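Input: one structure, supplied below.
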Amino acid sequence: MTAESHQEPTDKKTERRSFLTGALAMLCGGLATVPPLGAALWAFLDPLRRSSGAATFLPLTDLTNIPADGQPRQFPVIADRIDAWTGFKAEPIGAVYVKREEGSDRVEALSATCPHAGCFVELDKAAGCFRCPCHNSSFTLDGGIVAPSPSPRSMDSLECEVNKSGAVSVKWQNFYSGTEEKVARE
Ligand code: FES
C-alpha cells in the first residue's frame, strides 16, 4: 500500500468533520434565533389578543339625542374591528337601547342582544315593551323578563358615562347567552 492510499481516508475524515462542525454551528445559530422570533411573533399577535375580550368605553351619541322622557332609543355601537388578520374601520359591532328618566341626567343602557340565544331584541313602542322575534321573549322597558319567556335572564345592562361636554359613551361588552347568570365573554 502506498503513502497516497493512506492519505485519502484522512482527508475524507477531515472533510466530514468540518461538514459536521459547520452543520452544528448552523443548527445552534438557528436555535438561538427561536426565542427572539417567538417574542416578535407574540408582540405581533398582542393587539389581536387584546382586541378579543376586554370591555371598553365606546362613544355612543350626545346627551341631547336622549330626551329625558323615559323612552328607550336605539343606537349602534361603532368600533374598529380586527377579524383574524384584517382590520375594519368604524363598523357596527352591536346595538344598545338607551334611556333617560324625566329630569335626570343619568343614562341607562341595555344591550340589544337577547340573553336567550343572541338574536336582536326589538322595541315594541305600542305595547311598551321589548320583544325578541326568535323565540318570543318579552322584556319590560327596564329590561326585566315578562313571563312566560324562554330567556333565562333579564336584558343585559351596560355601564354608561356622560362627560362634561355631554358626550355619552357605553362600556360595550358581550355576555354568554343561555345562562341565568350574566357572565361577560373574555
Ligand atoms: S333568542 Fe331571543 S328569545 Fe330566543
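So residue 121 ticks every box in (1) surrounded by 13 or more Cβ atoms within 10 Å (Cβ to Cβ); (2) at pLDDT below 95 but one. Which box is left unticked?
Condition not satisfied by residue 121: (2).
Determine the pairs where a residue that is under 20 Å from residue 93 (Cα atoms), located within segment 118-143, has a partner that is away from the ligand (no atom under 14 Å from the Cβ) and of a type outside the set (Phe, Trp, Tyr) with Cβ atoms under 6 Å apart, the partner being 6 or more residues away or on another chain.
123/72
Continuing with this model, one more query. Say whether the condition of being open to solvent by 20 Å² or more (accessible area, probe 1.4 Å), free of Cβ contacts under 8 Å to residues at least 40 places away in the same chain and within 16 Å of the ligand (Cβ to nearest atom) is met by at least one residue in segment 159-174.
No, segment 159-174 has no match at all.
Does residue 121 count as β-branched (Val, Ile, Thr) and within 9 Å of the ligand (Cβ to nearest atom)? Break it down stepwise before answering.
Details: β-branched (Val, Ile, Thr): yes; within 9 Å of the ligand (Cβ to nearest atom): yes.
Yes, satisfied.
Across segment 124-147, which residue is least open to solvent (accessible area, probe 1.4 Å) among those that are within 11 Å of the ligand (Cβ to nearest atom) and among the small types (Gly, Ala, Ser)? If you could, list the steps in order and put the result at the bottom.
Start the filter on segment 124-147 by keeping residues that are within 11 Å of the ligand (Cβ to nearest atom), which leaves 130-139, 145.
Narrowing the set further to residues that are among the small types (Gly, Ala, Ser) leaves 137-138.
Values: 137: 3, 138: 18 Å².
Ranking the qualifying residues of segment 124-147, first place goes to 137.
Looking at 150, 115, which one is in contact (Cβ under 8 Å) with a residue 12 or more places away in the chain, farther than 15 Å from residue 61 by Cβ, near the ligand (Cβ under 10 Å from one of its atoms) and more than 18 Å from the chain's Cα centre (by Cα)? Can you show your working first?
Values: 115 fails: more than 18 Å from the chain's Cα centre (by Cα).
None of the others qualify; the one that does is 150.
The values are calculated or read from the model by the stated rules, or taken from the named source; none is laboratory data. All figures in this text were calculated on a predicted structure; none of them were measured in a lab. We place every Cβ from the backbone using ideal geometry, glycine too, and count neighbours over all the protein chains shown. For the accessible areas, the whole protein counts, side chains as well, though only heavy atoms, and no ligand, DNA or RNA atoms are used. Shrake-Rupley method; radii C 1.70, N 1.55, O 1.52, S 1.80 Å.
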